[in-house]
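One structure is given here, and the rest of the page talks about it.
The values are calculated or read from the model by the stated rules, or taken from the named source; none is laboratory data. As the structure is a computational prediction, the values presented were derived from the model and not from experiment. Positions of Cβ are backbone-derived with ideal geometry, glycine not excepted, and every protein chain shown enters the neighbour counts. These accessible areas exclude ligands, DNA and RNA; they are computed on the full protein's heavy atoms, side chains included. Shrake-Rupley method; radii C 1.70, N 1.55, O 1.52, S 1.80 Å.
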Amino acid sequence: MMTLCKRDKEEEKYCRDLEKEADLKDWIRPVVEDEQMAACRVCESEVKANYAVLQHHMNSTKYQTCATPDCATPLDNAGLSLSKNCSNTMMKTEGSCSLACSQKTKEEETNKASAHDGLRNATEPFQFSAEPTLEDIRKLQIAFAAERGWGKYHQPRNLLLALVGEVGELAELFQWREDAPEGLPGWTASEREALSDELSDVLIYLVALANKCRVDLPTAALQKIEKNRLKYPVEKVYGSSKKYTEYQKE
């Protein structure tokens, strides 16, 4: 038991040392003239290539002034904890702005691009991908549930309730919005991703429910469209939103 504990502590220390070494590489660069010294990637100050010295330096006024010129507060934990959640490219960027500011700017640019895509999508023709088919999705969902032993829970009633729940979550994305025109201009990238997730959940549960009820969904959809064609003759319903029962009375 003592041997195991000792080994665990050694492995833990080894992992900590690796993290410290990674931080040193991310936040400072070697100085050619002196192997023991390094230059800060943010403020260009020379410090000893030592983790403790790096932490102390990142709490200094000079570093904080360079790292957060447009931010209300300095980086938490000397910026080291923030480095864990950023890409290597972002961490190694040499500039005066902090990683937090860089991330905010990047998010704003992404949202602007997303809004532009929304305006473009409203005018350009749209179509689904040819693959995967509904049959592909049905098989993938069956395999996914079988791998986790969920088949006994995926009965028609449960799947229907799950479907209704997902429709509710989808509706929440549109709740309290003044407008949601075609293409959804103004929606951010994260909002669009959430929309894609919820729509996918609805589709997956719908396909799973149709599978359990033995309904050939593609064929049924075609048949339903044909029924709707008969219910709503063009000459009677064009440009109107009235229900078909109102036309049958005429």
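Data for the structure
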| quantity | calculated |
| --- | --- |
| Meets criteria (over 26 Å from Leu160 (Cβ atoms) and open to solvent by 60 Å² or more (accessible area, probe 1.4 Å)) for Tyr247 | no |
| Residue that is least open to solvent (accessible area, probe 1.4 Å) [pool: residues in region 216-235 that are over 33 Å from the mean Cα position of the chain (by Cα) and within 30 Å of Leu140 (Cα to Cα)] | Ala220 |
| Residues satisfying the stated conditions in region 192-215, i.e. open to solvent by 50 Å² or more (accessible area, probe 1.4 Å), in contact (Cβ under 8 Å) with a residue 40 or more places away in the chain and either over 22 Å from Ala145 (Cβ atoms) or in a helix (DSSP H, G or I) (or both) | Arg192, Leu203, Ile204, Tyr205, Leu206, Lys212 |
| Selection count where residues are closer than 22 Å to Glu198 by Cβ, open to solvent by 60 Å² or more (accessible area, probe 1.4 Å) and in contact (Cβ under 8 Å) with a residue 40 or more places away in the chain, scope region 119-132 | 1 |
| Subset of region 149-189 [in a helix (DSSP H, G or I), more than 25 Å from Glu124 (Cα to Cα), without any contact (Cβ under 8 Å) to a residue 24 or more places away in the chain and not small (Gly, Ala, Ser)] | Arg157, Asn158, Leu161, Val164, Glu172 |
| Filter result for Lys242 (out of contact with any Phe, Trp or Tyr (no Cβ under 6 Å at 6 or more places or on another chain) and more than 22 Å from Pro132 (Cα to Cα)) | yes |
